[in-house]
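Enquirer: This is the structure I want to talk about, given as structure tokens.
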Amino acid sequence: MRPFTYTRAKDPTAAVNQLSGNPNAKFLAGGTNLLDLMKEDVERPNELVDISELGLRDIKAIANGPQKGGISIGGLGKNTDAANHALIRQHYPLLAQAILAGASGQIRNMATNGGNLLQRTRCPYFYEVSMPCNKREPGTGCGALEGINRTHAIFGWTEKCVAVYPSDMAIALAALDAVVSVRNASGQERTIPFADFHRLPGDKPEQDTNLAHGELITAIELPKNNFAATSYYLKVRDRASYAFALVSVAAALEIVDNKIVQARIAMGGVAHKPWRALKAEQLLVGKEATDANFKLAADAEMAGAKPLDHNRFKVELGNRSIVLALQMAMNGGKA
Amino acid sequence: MHDENDPSRLTEDEKKLFEDLMPEDLDEILDSGVNRRHFLKLVTLAGGGMLAAQSAVAEQLLTKPLSSSPTELSSATIENGVTVSLKVNGTTQKLVVDSRMTLLDTLRERLELTGSKKGCDHGQCGACTVLVNGQRVLSCLTLAASCEGKRVQTVEGLAQGTTLHPMQAAFLKHDGFQCGFCTPGQLCSAVALIEEAKNGHASYVTEAIRKQPAPVQLSNEEIRERMSGNICRCGAYPNIVAAIQEVHSGKPVEQTFNFSA
Ligand SMILES: Cc1cc2nc3c(=O)[nH]c(=O)nc-3n(C[C@H](O)[C@H](O)[C@H](O)COP(=O)(O)OP(=O)(O)OC[C@H]3O[C@@H](n4cnc5c(N)ncnc54)[C@H](O)[C@@H]3O)c2cc1C
Ligand code: SF4
Ligand code: FES
Ligand code: FES
């Protein structure tokens with residue numbers, strides 16, 4: 001690891017100020033992604049500002065404002081605490097399942113909610129500093145495009161980058177239309193709708209999100225919904241547990257009188273950001289929740305997939321995963 | 001005289017060990033200093049058990065740190081030194097650490113608590129699992145500097161004097177290890193898991209996720225999922241699960257093996 005200075009921030013304002021003075025400084029939350037990448041020499045900050053003791057951990061119902069009736073989750077709270085909070089388990093079981101599908105017990109005890117959203121891709125070429133990678137070193141090319149790209153994207157990629165975004169939690173947040181609250185150096189708060197938080201690679205794969213340097217994630221807000229009884233997070237991976245998703249699907253339905261009045265489907269492991277399956281969603285609204293309709297929706301979404309040399313299997317896998325996740329959701333989220 | 005800090009040279013002890021073990025490769029190693037690192041890695045990896053048992057020199061070599069690291073370092077010699085005070089297994093420790101130092105390296109190299117193991121050093125194996133403020137975490141991805149004021153419990157802190165922790169006793173009864181490398185991390189994880197179940201924590205395989213958190217009785221499948229962050233290369237898993245099930249349920253679980261007569 002390269003040398004860096006370490007400071008513990010005293011409050012959120014001091015933390016944000018400290019970062020904005022140094023373009024090479026980074027926040028340290030749980031450290032589970034940042035330290036790993038620093039050991040690999042992928043991340044090279046010369047200053048770490050430890051934000052792990054700043055508070056901002058509460059999970060609470062929102063009484064006023066546009067998200068009234070929803071909940072707010074502290075940006076510095078731990079993944080374990082979010083997954084096990086009574087409000088989240090009761091009203092947003094999809095989110096609890098997605099968090100619990102990620103990493104391991106130890107890592108979830110360390111990982112924070114804000115840090116989870118900002119974890120970087122697991123593309124092996126990104127991790128290996130001797131390989132070309134436009135995300136790590138803009139302009140050097142993409143090792144995966146013509147390389148071993150079994151785990152890479154089938155939607156939204158460009159020649160510049162074909163990496164997928166790894167977080168499970170974020171896939172559920174995308175389906176639940178979360179809003180991210182951030183604070184900048186002038187003390188201003190702004191909110192970013194989840195769909196605008198992460199970016200597709202375009203010409204700038206090095207930029208994962210639309211967060212500016214020094215902006216601190218203070219909270220994640222979830223609007224009220226009627227999905228709790230009919231939702232499921234399905235994660236398909238190479239081994240039964242403790243691995244990143246090949247494909248994952250967050251599925252949530254609202255059913256009234258046997259008809260789907262709202263459908264939310266987001267996919268992980270298929271694109272540079274959580275992939276909202278909008279075509280599939282549109283097809284389901286107003287229909288009955290039958291296997292035939294689930295299949296139609298999955299076909300419609302996956303028709304747009306553009307697989308690479310080694311990941312053609314993800315098209316069929318994604319198709320079946322959408323159907324299965326919807327079936328599980330109808331089953332009350334039970335396996 | 002050799003210089004212990006010259007990374008390219010083998011020490012006399014190391015040469016002797018090498019000659020014992022792989023005489024045909026000695027010349028090459030002596031010629032190309034770079035291989036020394038590989039050699040040392042090889043010895044340390046294979047080390048703990050097999051080699052040490054074979055050679056008295058190896059034993060000496062492996063039980064002392066490979067490079068000289070005085071326990072007390074002054075802040076002047078440490079790059080970006082950070083003062084940190086933490087409570088390890090009940091004793092308060094005040095140290096100056098390099099900002100880059102992980103909790104794992106601090107425990108092993110500065111506090112001489114070598115129970116916690118370094119397997120992957122990247123969060124993937126769980127061998128370095130310890131309890132911080134009562135929760136299981138990975139010490140290889142924790143900066144020591146970030147532990148100010150925290151309580152750390154390692155495998156060395158589980159037993160009460162000579163009385164083993166019930167989980168340690170159960171691991172022994174059920175033969176929950178072979179080489180023992182992953183065992184300290186498995187034990188810390190298992191001890192934490194019992195608490196997590198008491199507190200009603202859910203896992204990905206928990207069915208009634210919407211139910212209000214209440215103490216849970218864990219199936220073997222649940223235990224496996226919850227222990228998945230701890231990898232055992234010898235594959236002692238069934239016995240580990242049996243040991244955890246026994247402590248968790250409070251009922252004896254039948255041993256699946258017998259000692260030979
Ligand atoms: C072996 C392993 C397996 C894993 N498996 C999975 C998996 O299956 N699924 C999954 O989803 N995840 C997985 N993870 C990733 C893990 O969930 C993330 O590393 C973790 O959520 C990151 O959170 P953190 O608090 O540790 O972030 P850190 O590592 O501390 O920070 C990550 C980044 O976010 C920035 N940051 C942190 N907090 C804030 C904030 N509040 N505001 C602004 N910037 C901030 C940091 O500066 C840094 O750039 C795995 C990790 C490991 C090591
Ligand atoms: S896919 Fe993206 S992250 Fe991977 S090598 Fe190509 S540019 Fe880098
Ligand atoms: S050494 Fe920490 S998880 Fe492997
Ligand atoms: S007992 Fe050998 S690695 Fe687990």
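Enquirer: Looking at A:Leu87, A:Leu100, A:Leu94, A:Leu76, which is the one that is farther than 12 Å from B:Ala202 by Cβ and within 12 Å of ligand 1 (Cβ to nearest atom)?
Expert: A:Leu76
Enquirer: Scan segment A:246-281 for residues that are in contact (Cβ under 8 Å) with a residue 12 or more places away in the chain and more than 22 Å from A:Val164 (Cα to Cα) and jot them down.
Expert: A:Ala252, A:Leu253, A:Glu254, A:Ile255, A:Asn258, A:Lys259, A:Ile260, A:Val261, A:Gln262, A:Ala263
Enquirer: Same structure, new question: If you check A:Met1 against the conditions, is it under 20 Å from B:Ala145 (Cβ atoms), away from ligand 2 (no atom under 16 Å from the Cβ) and outside any loop (DSSP other than H, G, I, E, B)?
Expert: Against the criterion (under 20 Å from B:Ala145 (Cβ atoms), away from ligand 2 (no atom under 16 Å from the Cβ) and outside any loop (DSSP other than H, G, I, E, B)), A:Met1 does not qualify.
Enquirer: Would you check which residues across segment A:133-155 are in contact with a strand residue (DSSP E or B) (Cβ under 7 Å, 6 or more places away or on another chain) and either surrounded by fewer than 23 Cβ atoms within 10 Å (Cβ to Cβ) or not in a loop (DSSP other than H, G, I, E, B) (or both) and list them?
Expert: A:Cys133, A:Thr140, A:Cys142, A:Gly143, A:Phe155
Enquirer: Looking only at residues that are of a type in the set (S, T, N, Q) and surrounded by fewer than 19 Cβ atoms within 10 Å (Cβ to Cβ) in segment A:223-270, which one is farthest from the chain's Cα centre (by Cα)?
Expert: A:Asn258
Enquirer: I would also like to ask the following. Which ones in segment A:212-222 are part of a loop (DSSP other than H, G, I, E, B) and buried (at least 20 other Cβ atoms within 10 Å of the Cβ)?
Expert: A:Gly214, A:Glu215
Enquirer: Take the residues in segment A:157-199 that are within 12 Å of ligand 2 (Cβ to nearest atom) and part of a loop (DSSP other than H, G, I, E, B); name whichever of them is farthest from the other protein chains (Cβ to nearest Cβ).
Expert: Looking at the filtered set, the residue picked out is A:Glu159.
Enquirer: Now a separate question. Kindly indicate whether any position in segment A:35-52 is at pLDDT below 95 and more than 20 Å from the chain's Cα centre (by Cα).
Expert: no
Enquirer: Another question about this same structure. Quick one: B:Phe177 ticks every box in (1) within 16 Å of ligand 3 (Cβ to nearest atom); (2) surrounded by 13 or more Cβ atoms within 10 Å (Cβ to Cβ) bar one, so which box is it?
Expert: Exception for B:Phe177: condition (1).
Enquirer: I've got another one for you. Can you list the helices (runs of 4 or more DSSP H) lying wholly within segment A:9-125 that have 1 or more residues being surrounded by 22 or more Cβ atoms within 10 Å (Cβ to Cβ) and at the interface with another protein chain (Cβ under 9 Å from one of its Cβ atoms)?
Expert: A:34-39, A:79-84, A:86-91, A:93-101, A:105-110
Enquirer: Residues B:Gln178, B:Gln168: which one is more than 16 Å from ligand 1 (Cβ to nearest atom) and either assigned to a loop (DSSP other than H, G, I, E, B) or basic (Lys, Arg) (or both)?
Expert: B:Gln178
Enquirer: So which residues in segment B:170-202 are more than 16 Å from ligand 4 (Cβ to nearest atom) and under 18 Å from the mean Cα position of the chain (by Cα)?
Expert: B:Val191, B:Ala192, B:Leu193
Enquirer: Now for a separate question. Residue check, B:Lys211 against (1) in the same structural domain as B:His122 (by the TED database); (2) outside any helix (DSSP H, G or I), all met but one. Which one?
Expert: Exception for B:Lys211: condition (1).
Enquirer: Looking at B:Thr142, is it of a type in the set (S, T, N, Q), surrounded by fewer than 22 Cβ atoms within 10 Å (Cβ to Cβ) and at pLDDT 95 or above?
Expert: no
Enquirer: Then there's this: Given the criterion surrounded by 14 or more Cβ atoms within 10 Å (Cβ to Cβ) and without any contact (Cβ under 8 Å) to a residue 24 or more places away in the chain, identify the matching residue among B:Gly200, B:Gly161, B:Gly157, B:Gly250.
Expert: Going through B:Gly200, B:Gly161, B:Gly157, B:Gly250 in turn, just one is surrounded by 14 or more Cβ atoms within 10 Å (Cβ to Cβ) and without any contact (Cβ under 8 Å) to a residue 24 or more places away in the chain: B:Gly200.
Enquirer: If you go through segment B:108-126 one residue at a time, do you hit one that is in contact with a strand residue (DSSP E or B) (Cβ under 7 Å, 6 or more places away or on another chain), among the hydrophobic types (A, V, I, L, M, F, W, C), within 13 Å of chain A (Cβ to nearest Cβ) and surrounded by 21 or more Cβ atoms within 10 Å (Cβ to Cβ)?
Expert: No.
Enquirer: What single numbered condition from (1) in contact (Cβ under 8 Å) with a residue 40 or more places away in the chain; (2) within 10 Å of chain A (Cβ to nearest Cβ) fails to hold for B:Asp175?
Expert: Among (1) in contact (Cβ under 8 Å) with a residue 40 or more places away in the chain; (2) within 10 Å of chain A (Cβ to nearest Cβ), the lone unmet condition for B:Asp175 is (2).
Enquirer: Ok, one more. May I ask you to list the residues in segment B:214-247 that are of a type in the set (A, V, I, L, M, F, W, C) and assigned to a helix (DSSP H, G or I)?
Expert: B:Ile223, B:Ile240, B:Val241, B:Ala242, B:Ala243, B:Ile244, B:Val247 - these are the residues of segment B:214-247 that are of a type in the set (A, V, I, L, M, F, W, C) and assigned to a helix (DSSP H, G or I).
Enquirer: Quick check: anything in segment B:132-140 within 13 Å of another protein chain (Cβ to nearest Cβ) and assigned to a helix (DSSP H, G or I)?
Expert: yes
Enquirer: Of all residues in segment B:78-94, how many are within 14 Å of chain A (Cβ to nearest Cβ) and either without any contact (Cβ under 8 Å) to a residue 12 or more places away in the chain or farther than 16 Å from B:Leu131 by Cβ (or both)?
Expert: Result for segment B:78-94: 8.
Enquirer: Quick check on B:Gln168: is it without any contact (Cβ under 8 Å) to a residue 12 or more places away in the chain, more than 14 Å from B:Thr129 (Cβ to Cβ) and more than 16 Å from ligand 2 (Cβ to nearest atom)?
Expert: Considered against the rule, which asks whether it is without any contact (Cβ under 8 Å) to a residue 12 or more places away in the chain, more than 14 Å from B:Thr129 (Cβ to Cβ) and more than 16 Å from ligand 2 (Cβ to nearest atom), B:Gln168 comes out as no.
Enquirer: So is B:Leu158 away from chain A (no Cβ under 12 Å), within 16 Å of ligand 4 (Cβ to nearest atom) and touching a His at 6+ places or on another chain (Cβ under 8 Å) or not?
Expert: no
Enquirer: Pick from segment B:100-116 the residues that are within 16 Å of ligand 1 (Cβ to nearest atom) and in contact with a Cys (Cβ under 8 Å, 6 or more places away or on another chain): which of them is farthest from A:Thr112 (Cα to Cα)?
Expert: Residue satisfying both the conditions and the ranking: B:Leu104.
The values are calculated or read from the model by the stated rules, or taken from the named source; none is laboratory data. Computed from a predicted structure; not experimentally measured. Ideal geometry is used to build each Cβ from the backbone, glycine not excepted, and the neighbour counts take in all protein chains shown.
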